Amino acid sequence: MNEHSDDFQVDLTNCDREPIHLLGAIQPIGFLVALSSDWMVQCVSANISEYFDAAPDGVIGENAQELFSGEAIHALRNRLALLRGPDDVERLFAIPLVENGQPFDVAIHMIDGTIVVEGEPARERDHGDAMSTVRGMIGRLDKTEDVESFYREGARQVRALTGFDRVMIYQFDEDGSGEVVAEAAKSGIGSFLGMHYPASDIPKQARELYQRNLLRMIVDVSANTVAIVPQKNAEGKPLDLSLSVLRAVSPIHIEYLKNMGVTASMSISLIVDGKFWGLIACHHYSGPRCPAFERRAVCELFAQMFAMRIESRQRQEMVDYERRARDVSDHLLGSVASDESLLNDPQWLSQILTSAIPADGVGVFINGNQALSGHTPDAKQFEAIVRMLNTTARGKVYATDHIASLVPDAVDHADTAAGLLAIPISRTPRDYVVLFREERIRSVRWGGDPHKPVSYGPNGARLTPRESFAEWKELVEGKSAPFTPSETRVAETLRATLIEVVLRLADEANQERKAANDRQELLIAELNHRVRNILSLIRGLIRQAKPTEETSIEDFVAQIDGRVHALARAHNQITDDHWGPAPLKGLIDAEVAAFLVHQKDRLTTSGPNVLLKPQAYSTMALVIHELVTNSAKYGSLSDSGCVEVDWRIDNNGDLVIDWQEKEGPVVVKPSRQGFGTTIIEHSVPYDLGGSSDLNYRKEGFWACFRIPARHLSVDEERKMEPVPEAAVISDEGHKLREPVVDDIFKDKTLLLVEDSLIISLDAEDIVMRLGADRVVTEGTVAGALATLEREEIDFALLDINLGDQNSYPVADELEKRGTPFVFATGYGEQAQLPDKHCDRLVLQKPYTIASVSKRVSEWLNR
């Protein structure tokens, strides 16, 4: 700071270069002696002879005993031993430093291995015990109800204690600028309350000293300073006066005070939560002012207690905020747990979050989706803000009262959203809940124009500070009310809760996906298993029932068709309740309805409502099918006889089924055992682990089957519904029933919609046998609709399920044209039709000539 070129641009930041702790002088109200660690005098203030019988040149390099008495040195050593930190200063009051000499108030500290002793003549003590004084002052503070009155009472207490014309409580903002938040002043000197001062008014190195040396006093801004001799030690270094209580003042600061009309000042640092929170600033205008050393010590102690009370109030405020944050967090967790969609509802989030952090609007950005509520930017502006937020530190709450400093285009929406607090709730991708605040246009009162340029002044190459401290007003636009540190901390708490909610939802979603995948894999495996079993079973039926020389191809096909249909009917019944147990009586009724018309009243059943599990049901379907068809062809049901089927649960819980034929032709045991007989005799023992007992008695065939209890499910409450006759028709049954209507499709052109080639070929054969003149087959919806555009169709048979499509659009078009049609499905009774087609006929697969003939003819003639 001592050298400048002519083109050097001067502004207030140049003050940061001045070594104000190395000025080499003290104020003239006392003396200074610097001692080595072995108590040898290194340097003294030039006015030492005013207080001791010694000249500076006579004591440099001498032992401290040349200046101080042995008793004084002993007291100083004891105080020195009490120092606990590098910035500690100990004090002694009214201590004689020479025998029979005047008493001094003394401060002692160590810095860079040097012992620094400072003293000033003691004054008469008139304020009583210091601790009692501070206790009374703090007691009055604690009675204040709000923060404004708390600050005001603090200023009033210090002014009463020191007598300064003006005492101010000065609080720093985040940017280092300050505001006078409280003031106690004598009348007639105006008010600085509410005024702001730029950060440059207190240079960086001055702020550092304020945090090390809490009390700073200037007795007279016009007084001449007293030099320290020698200016430098043997190593060429000046004495560090950072902790000195008498340190001289920078000429720049002296001029600053003179510009304000101040003749004396005192400032006490307020350190809150380890940070330089502000100052208690004291100004005097009517000449020098020097409160007694001990009174200054009382002020310093009071300031420390005052700072602790500020910290306590802030902590209490934080406790209140945290309590509200916990309430909000509990509400969030509880609500989202029952309805996860709330996380995407900005209106609900706004109501919840703004109860803890005041805001005018809320924006939510999750997985690229956004939602806005209240006073916020529009969607496009919000996206731009989110992109810029992604450039900030990840995983941290970000707050600003000036969005335009982050996104320049934000000036366009400053009236609705000027400030924001962003709560990140994920890391990749970045998701946010953003609180917005409206613009708060306000007038800031400055103590002089903070933007006014400065020039060289009377201090030569030194800087002249602002000369005018007249009130200067600045209109602040484009900014919101700032988010406080307490609100930011609450946001951190809410962030943790929101992340917990998001992670829990994600975890639940992952678990649901995993469970769904597991279920799907299990379903696929089960389906694969069942399909393979069915294919193997049908293959076995075909191979084992291979025709003999006496059997025609037609009879062979009829036998296979009957057995496959028996399995299909059983499968329909056990899948009606999602692959669950089905009633034994329903199985018997289905076979009777399929193969017996005139004889059906001659087969009677009796027994409890027993349900067979799927494996047993499929096995017994084949057994009952063979018993019914054999009886209808060769046994009691072939003429005027009857059959009694009874079942019961024995003492072991097993199901015992008796089949008794009566009054039929004389029974002769077959000389050759066919495949049907093998099914009857061996299926239950082999497949179910039970037993079969067959007896070819002359008066009638008799069979007894025992099915183990593990295959049963007894349900006395379940009603035994009769099986609809139309659902169980088969080609084999047709030979024993009324004739097929062979001409129901005579001379008609049919549209067959079926996505399986083999099934479509079989269906084509059936409808051609029923008189159709021409069949058009399509396997897709698009193909079927195209056919309707170019062909005249008389009737349509639509498979409901076509891969990943269904045939309902085709049905809609047919209905519009007035073309008759029926549906077909392999899903049994589980097929769900749209309301507009709910009365439409549904044929069950596999197709048979008998079922198509009977059901379609009935439907057409209804």
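Every read-out reported here was derived from the displayed coordinates using simple, explicitly stated rules and does not represent laboratory data. This structure is a prediction, so every number in the text was calculated from the model and none was measured. FYI the Cβ positions are ideal-geometry reconstructions off the backbone, even for glycines, and counts take in every protein chain you see.
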Net charge within 12 Å of Ile352 by Cβ-Cβ distance, Lys/Arg positive one each and Asp/Glu negative one each, not counting Ile352 itself?
-2
Of all GluC sites (Glu not before Pro) in the stretch 644-706, which ones are in loop regions per DSSP and have a Cβ with at most 15 other Cβ atoms within 10 Å?
Glu663, Glu699
What residues have an amide H closer than 5 Å to that of Gln805, excluding those fewer than 5 places away on the same chain, when H is modeled at 1.01 Å from N in the peptide plane?
none
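Once you charge only the Cβ atoms, +1 for Lys and Arg and -1 for Asp and Glu, what is the size of the charge dipole of the stretch 755-800 about its Cα centre, to the nearest 20 debye?
Result for the stretch 755-800 is approximately 40 debye, rounded to the nearest 20.
With a cut-off of at most 11 other beta carbons within 10 Å, and DSSP calling the residue loop, which GluC sites (Glu not before Pro) in the stretch 149-215 qualify? Please list them.
Working: sites: Glu153, Glu174, Glu179, Glu183, Glu208; in loops: Glu174.
Qualifying residues, ordered by number: Glu174.
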Most exposed first, judged by fewest Cβ atoms within 10 angstrom, Glu789, Glu815 run Glu789, Glu815
Considering only Cα-Cα distances, which of the following residue pairs are longer than 32 Å: Lys514/Lys585; Lys380/Lys479; Lys204/Lys396; Lys275/Lys396?
Lys514/Lys585
GluC sites (Glu not before Pro) within the stretch 39-141, DSSP loop, no more than 10 other Cβ atoms inside 10 Å:
Glu99, Glu124
How much net charge surrounds His109 when only the other residues with a Cβ under 9 Å from the Cβ of His109 are counted, with Lys and Arg +1 and Asp and Glu -1?
-4
Across the stretch 204-221, in residue order, what do the Karplus-derived ³J(HN,Hα) couplings come to in whole Hz, using 6.51 cos²θ - 1.76 cosθ + 1.60 with θ = phi - 60° and x for Gly and Pro?
4, 5, 5, 4, 4, 5, 4, 7, 8, 10, 6, 10, 10, 10, 10, 6, 8, 5
For the residues Phe483, Phe436, what sequence is obtained by ranking on other C-beta atoms within 10 Å, fewest first?
Phe483, Phe436
